[in-house]
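Just so it is clear, none of the values below were taken in a lab; they were calculated from the coordinates. For clarity, every value in this text was computed on a predicted model and none was experimentally measured. Neighbour counts run over all protein chains shown; Cβ positions are idealised from the backbone, glycine included.
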Amino acid sequence: MSKRAFIFPGQGAQVVGMGAGFAEVFLDRANKVLGFDLKKVCLEGPEEELKRTEITQPAIFAVSVAAFHQLTTDLCAVAGHSLGEYSALYAAGAISFEDGVRILNLRGKFMQEAVPIGAGAMMAVLGLSGEKVKECCSNAGGAVSPANFNSPGQVVISGERSAVVTAAKLCKDAGAKRIIPLQVSAPFHCSLMQPAQDKLAKEMEKIEIRDAKIPVVANVTADYVTSASQIKELLIKQVTAPVLWEDSIRKMISDGVGEFIEVGPGKVLSGLLKKIDKNVIIKAYTEVLNET
């Protein structure tokens, strides 16, 4: 039997009504931490409110944690995309639910405050290698860089709006098949997030991070991490560093993982996995529940 790993989604997986019927207890716990009604926004909307970064991040975390607690299957590793790394760390026993909710709410606020609305942008570049995208960003003459290496031929770029537009044009000229502007409220995982990273570093001193009981593949390194001190360091760096998602998945596959379970709302990560390796088994957590 092949090894199993859990993967946890990030921003963009949210949908009004997610968690209905199984996440209410965790959303109630989140409400106590946050001092506002996350449960109501998560289950009833409005959608625009749920899309606010400081709401989205703790909401996806709470629903992903609730989904995780429905599962009893053995696993050998965990990973999460951007904010999903916090869900993975919870699953690995490295952070508490309350600390995760609180820090993600603050992380969302800090990221939103780092750049004036409209000053930044993110675009997905399809059909161009990661190295070529990096080169185009370097030649754009502004603050723009790859933010997510999601799958072969899918790299997201992030930074100052004008620099992102220039880099996207260079990517198109270099042979990119499509450029898709992303509907995001801030340019995540780039140097413009440095003020958010600095604020998060201070808040990280206030929460307890424990050694992980299960290896966690970190976004920043695409390698395993278990020590508390390294987990903290990488979570801070993650705010400005690109998400090495394709490399993270390949790392687990090379170590014998043949089955991935997407734990949380949506199927964004399942779609990316199919592009990374067609031979691995990919399931939503609901499919695993139906097996038992």
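Give me the tail of P(r) for the chain as a percent: Cα-Cα pairs with distance above 37 Å.
9
Across every pair of different alpha-carbon atoms, what Kirkwood hydrodynamic radius in Å does segment 73-215 reach?
Over segment 73-215, the inverse of the mean reciprocal pair distance is 16.4 Å.
Quick check: the distance between the Cα centres of segment 57-79 and segment 175-197, to the nearest angstrom?
26
Quick check: the distance between the Cα centres of segment 260-292 and segment 88-148, to the nearest angstrom?
A separation of 23 Å, based on Cα centres.
Jot down the per residue volume, in cubic angstrom and as a whole number, of the convex hull over the alpha-carbon atoms of segment 144-228.
Considering the Cα atoms of segment 144-228, their hull volume per residue is 124 Å³.
To the nearest 0.05, how large is the calculated FRET efficiency for K169 and A228 if R₀ is 45 Å and r is the Cβ-Cβ distance?
0.55
Taking the C-alpha atoms of segment 1-125, how large are the radius of gyration and the largest Cα-Cα span, Dmax, in Å?
Computed over the Cα atoms of segment 1-125, radius of gyration and Dmax are 14.8, 50 Å.
Determine the gain in length on full extension of the stretch E135-E98; use 0.36 nm per residue of separation and subtract their C-alpha separation, reporting nm with one decimal.
Difference between extended and current length: 9.2 nm.
For segment 103-153, compute Rg over Rh where Rg is the Cα radius of gyration and Rh is the Kirkwood radius from the inverse mean 1/r over Cα pairs.
Ratio of gyration radius to Kirkwood radius: 1.05.
In vacuum, with every alpha carbon of segment 120-181 counted as one equal point scatterer, what does the Debye formula give for log10 I(q)/I(0) at q = 0.12, 0.17 Å⁻¹? Two decimals, please.
Those come out to -0.19, -0.40, one per q.
If I model a spin label as a point 7 Å beyond the Cα along the Cα-Cβ vector, how far apart are those points for D255 and K283 in nm?
If labels sit at D255 and K283, their model points lie 2.1 nm apart.
Find the relative contact order for the chain and round it to a whole percent, using C-alpha pairs within less than 8 Å whose residues are 6+ positions apart.
23
Need the list of lysines near K274 for cross-linking: C-alpha distance under 30 angstrom, and skip anything on the same chain fewer than eight residues off.
Counting by Cα, and skipping residues close in sequence, K274 has these lysines nearby: K3, K51, K132, K134, K169, K172, K177, K213, K237, K251, K283.
Over the Cα atoms, compute the radius of gyration (one decimal) and Dmax (the largest Cα-Cα distance, rounded to a whole number) for segment 161-292, in Å.
Spelled out, the Cα radius of gyration and Dmax of segment 161-292 are 17.8, 52 Å.
Can you give the extra length, in nm with one decimal, that the chain gains between D247 and D211 once fully stretched, where that is 0.36 nm per residue apart less the Cα-Cα distance?
Between D247 and D211, full extension yields an extra 10.7 nm.
Of all beta bridges DSSP finds with both residues in the chain, what is the antiparallel percent, to the nearest 5?
55
For the chain, what does the helix formula give at 222 nm: sum of -39500 (n - 2.57) over DSSP H segments with n ≥ 4, over the residue count, nearest 500 deg cm²/dmol?
Value at 222 nm, helices only, nearest 500: -13500 deg cm²/dmol.
Can you tell me the length gained on complete extension of the stretch H69 to E47, counting 0.36 nm per residue apart and subtracting the Cα distance?
So the chain would gain 5.3 nm between H69 and E47.
Report, in order of residue number, the helices in the chain meeting two criteria: a C-alpha extent of 24 Å or more along the helix axis, and a mean Kyte-Doolittle hydropathy of at least -0.5; treat each whole DSSP H run as one helix.
97-114
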